[in-house]
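The values are calculated or read from the model by the stated rules, or taken from the named source; none is laboratory data. In this text the structure is predicted, and so the values were computed from the model without any measurement. When we count neighbours, we look across all protein chains shown, and the Cβ atoms used for this are built from the backbone with ideal geometry, even at glycine.
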Amino acid sequence: MSSAQLFNVVTIGYFAAMVLFIAYLATRSKGVALVANILAWVGFAAQTVAIGLRWYESYQMLGDAGRAPLSNLYESVVFFSWTILLIYLILDLKYRQPAVGAFVIPFAFLGMTWAQLGLNDAIEPLVPALQSNWLTYHVITCFLGYAAFAVACGVSIMYLIKAGKEEGRPADTPAGGILALFPSTRILDDINYKSIMIGFPLLSLGIITGAAWANYAWGTYWSWDPKETWSLIVWFIYAAFLHARFTRGWVGKKAAWLSIFGFAATIFCYLGVNLVLSGLHSYGGG
Amino acid sequence: MSAKDRNALTAVWDFFCSLKLTIVTLILLAATSIIGTVIQQNRSPQEYLQEYSETTFRLFDALGFFDMYHSWWFLALLALFSINLIACSIKRLPRVWKTVREPVLVADDALYRTLSNQEELLAKGAPSELKERLAAYVGRSFASPVVTERDGAVHLFAQKAPWARMGVYVTHLSILIIFAGAIIGTVWGYKAYVNIVEGTETTQVWPRGSDAPIDLGFAVRCDEFSVSYYPGSNRPKEFRSVLTVSEGGRTVIEKRPIIVNDPLTHNGITFYQSSYGPAGDPAFQFKVKLRSTGETQDVSVRQGERALLPGGGSFRVADFTESFQNFGAAARLEVTPADGPPRSFVVLKAFPEFDAQRGGEYIFSLVDYQQRFYTGLQVAKDPGVWVVWTGCFLMVVGSLIAFFLSHRRIWVTLRPHGDKTAIRFGGSAHRNQPAFEIFFDEFKKGLREEVKG
């Protein structure tokens, strides 16, 4: 089996998991939630194997020029989906809230679908600028950070839905129906904060490893390149989020909006900059 | 100082210490930074006028949008951010430092009332009998306590990770250190470039934004430059320059190869492989076979130069590239036969028999070529870079401590109550209170067991 075939299996697996998590919201069946979770785990394991397999295939195809599968848009989108699953599964082990799956797994599924259907998956050797160990450290830390922000965005959406429905009711009566399956707004707010607490140091490390690499490759650790600048913009937004929690009135809904806004900025930093703007990171696209 | 002056000063100080200012500054920095990513930075006026109308150009120029990250208003925002950081730390650090260095060893009723985790119970025995056992229990289940005896009562105090409170201040300090490193690099360093033709050396480099060259104080020679491609493609594999550094006539670094991501440093100045280009026209060696007789001739010619061929024709090399699609080095030849119009075609070095298929009067093979290159190097001197890395390291360490470590404290007070002892105990954590609550529940149970037995 090739890594390409295995990635197709993974995409189908995430689709099934996503459908089942949404079905759990409708049916409230613990069995459905269990199967959804199993599919998420199996998909994640399969994707891990597939990524390793692609790495091995690069050595088979390119000999010495084999490299870790982190170097073009296709590989980065696939890796992003993997990190989203990783962060989601870690949080699921701690909080055990399957309803969250319905709002986080779709990000991973959309990523895999776009990668498999729309992106070039040829295994090409690295151009000189990318031949560095810094590539691995920089890509891994950045994407783990992005994934944590994706999860924070997912639970923030859940928060706004639930808090919105609960507004019309007297205090202490949680919303019914599907929303009863959601974790309480207190827990959603907590997961939002904890995810950003994981993502923010990772993003900082991502920016720092990027700067260190730029210094080795181009002689300057910061050149206000659009990609660098946008990663700093994302950093400023989440730093504002963390400080805003200490000011009364910026927890709950405001924090949820800031988290969603931060993730929108993250996606623009990841994809918008490469595909819409120009700069030194242009080989991150296409 | 009058009361009014004092009030004004306090107001200013409070403004600079406020958290609201932090949030507003961060959001302003984020929003304004966007401008520099959608408007190209540091281009020539001509390039801007192609994109924007003259009015827009003048407006953007006046607002500093074309070099916005060095504009006075952006730097002022960064300065405001720094002042806010410093003021907040000055305001809050002394109290935190005191909490860390001078812990409250004796808890009074007022302190216990502030703790959300606390408990009281009566135990058999006098304080002097119980204190050893309780001290041992606290040490086992939490941390070794300090025992203070005062006013007939016994006080225990234990804490974990007091220095976790410093994490926030380390993180904030790290940002200031990074700014300091950037300022040092800007004031005492420079960024420049230099092109060195193979076989020549230079003692000067050209900084960006200025016409005057900078003297290196030593000479850098490019012994050789080469570019290699991945087999069967025109994807570059490696750009390599071999450099030799000499100072005062003496060779200091001999034939050191540099590639992208692996630069050379000497005397605090670093040379990075950045670009390359042809220096002068290439020279070629061709083998020409006259199809009719099979006679071959070796011809050496420079690009553009016309060479005579046996049989009365002539040819010249019109164009050349090292990487023609996936086929490697190729030359475009223009052959003018003795009688007839000139014809143009491509000859590939890697495929010497290729031209035979053309069916021409002459069959060409490109045996070899020599192209001198110049290597384009980025040159950087940055005495502040290690200050920046120190700041980055402190930022990561500081934020990990601030987020994931918690200063936890437990107080126990033993007072005689007739022939029994009244035990009051409580604890607090400065982070992650829910986890501490769970721990304290277990601690409570264990302490009850301890005094029963």
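Test A:A115 against the criterion of being within 14 Å of another protein chain (Cβ to nearest Cβ) and more than 25 Å from B:Q273 (Cβ to Cβ), and give yes or no.
no
Anything in region B:242-271 that is under 15 Å from A:W218 (Cβ atoms) and not β-branched (V, I, T)? List them, or say none.
Passing the criteria: B:N261, B:D262, B:P263, B:L264, B:F271.
Any chance you could count how many residues in region A:198-209 are more than 8 Å from chain B (Cβ to nearest Cβ), closer than 10 Å to A:S231 by Cα and either over 16 Å from the mean Cα position of the chain (by Cα) or hydroxyl-bearing (S, T, Y) (or both)?
1
Considering only region B:391-409, state which residues are of a type in the set (F, W, Y) and surrounded by fewer than 18 Cβ atoms within 10 Å (Cβ to Cβ).
Result: B:F393, B:F404.
From the list A:P106, A:P69, pick out the single residue that is modelled with pLDDT of 90 or more, closer than 21 Å to B:S233 by Cα, under 19 Å from the mean Cα position of the chain (by Cα) and not hydrophobic (A, V, I, L, M, F, W, C).
Exactly one residue qualifies, and that residue is A:P69.
Look through region B:210-237, keep the residues that are within 16 Å of B:G376 (Cα to Cα) and among the charged types (D, E, K, R), and return whichever of them is surrounded by the fewest Cβ atoms within 10 Å (Cβ to Cβ).
B:E224
How many residues, within region A:214-233, are at positive phi and out of contact with any strand residue (DSSP E or B) (no Cβ under 6 Å at 6 or more places or on another chain)?
Of the residues in region A:214-233, 1 are at positive phi and out of contact with any strand residue (DSSP E or B) (no Cβ under 6 Å at 6 or more places or on another chain).
From the residues in region B:115-132 that are outside any strand (DSSP E or B) and in contact with a Gly (Cβ under 9 Å, 6 or more places away or on another chain), which one is surrounded by the most Cβ atoms within 10 Å (Cβ to Cβ)?
B:P127
Somewhere in region A:54-65, is a residue buried (at least 18 other Cβ atoms within 10 Å of the Cβ) and either touching a Ser or Thr at 6+ places or on another chain (Cβ under 9 Å) or more than 14 Å from every other protein chain (Cβ to nearest Cβ) (or both)?
So far as region A:54-65 goes, yes, one or more of its residues are buried (at least 18 other Cβ atoms within 10 Å of the Cβ) and either touching a Ser or Thr at 6+ places or on another chain (Cβ under 9 Å) or more than 14 Å from every other protein chain (Cβ to nearest Cβ) (or both).
Taking B:S128 and the conditions (1) among the hydroxyl-bearing types (S, T, Y); (2) touching a residue at least 60 places away in the same chain (Cβ under 8 Å); (3) over 30 Å from A:F268 (Cα atoms), which numbered condition does it fall short on, given that it satisfies the others?
Just one mismatch for B:S128, condition (2).
Does B:R250 satisfy being exposed (fewer than 14 other Cβ atoms within 10 Å of the Cβ), of a type in the set (D, E, K, R) and free of Cβ contacts under 8 Å to residues at least 60 places away in the same chain?
The answer is yes for B:R250.
Among the helices (runs of 4 or more DSSP H) lying completely within region A:210-286, list those that include at least 3 residues that are at pLDDT below 90 and closer than 20 Å to A:E75 by Cα.
A:273-276
Looking at this structure, is B:T321 without any contact (Cβ under 8 Å) to a residue 24 or more places away in the chain, farther than 30 Å from B:I259 by Cα and surrounded by fewer than 19 Cβ atoms within 10 Å (Cβ to Cβ)?
No.
Conditions first: (1) out of contact with any Cys (no Cβ under 6 Å at 6 or more places or on another chain); (2) hydrophobic (A, V, I, L, M, F, W, C); (3) at the interface with chain B (Cβ under 7 Å from one of its Cβ atoms). A:F241 passes all but one, so which condition is the exception?
Result: A:F241 fails condition (3) only.
B:K91 passes all but one of (1) surrounded by fewer than 16 Cβ atoms within 10 Å (Cβ to Cβ); (2) at pLDDT 90 or above; (3) farther than 22 Å from B:V168 by Cβ; which number fails?
Condition not satisfied by B:K91: (3).
Looking at A:L188, is it in a helix (DSSP H, G or I), surrounded by fewer than 23 Cβ atoms within 10 Å (Cβ to Cβ) and either more than 7 Å from chain B (Cβ to nearest Cβ) or touching a residue at least 12 places away in the same chain (Cβ under 8 Å) (or both)?
Spelling it out, it is not the case that A:L188 is in a helix (DSSP H, G or I), surrounded by fewer than 23 Cβ atoms within 10 Å (Cβ to Cβ) and either more than 7 Å from chain B (Cβ to nearest Cβ) or touching a residue at least 12 places away in the same chain (Cβ under 8 Å) (or both).
Are there helices (runs of 4 or more DSSP H) fully within region B:8-69 with at least 2 residues that are within 14 Å of another protein chain (Cβ to nearest Cβ) and out of contact with any helix residue (DSSP H, G or I) (no Cβ under 8 Å at 6 or more places or on another chain)? List them.
Output list reads B:19-38, B:45-51.
Is it the case, given these coordinates, that B:T413 is in contact with a Phe, Trp or Tyr (Cβ under 8 Å, 6 or more places away or on another chain), surrounded by 15 or more Cβ atoms within 10 Å (Cβ to Cβ) and among the β-branched types (V, I, T)?
In short, yes.
Out of curiosity, is B:G304 touching a strand residue (DSSP E or B) at 6+ places or on another chain (Cβ under 7 Å), part of a loop (DSSP other than H, G, I, E, B) and loosely packed, with under 14 Cβ neighbours inside 10 Å?
Yes; evaluated as a whole, the condition is true for this residue.
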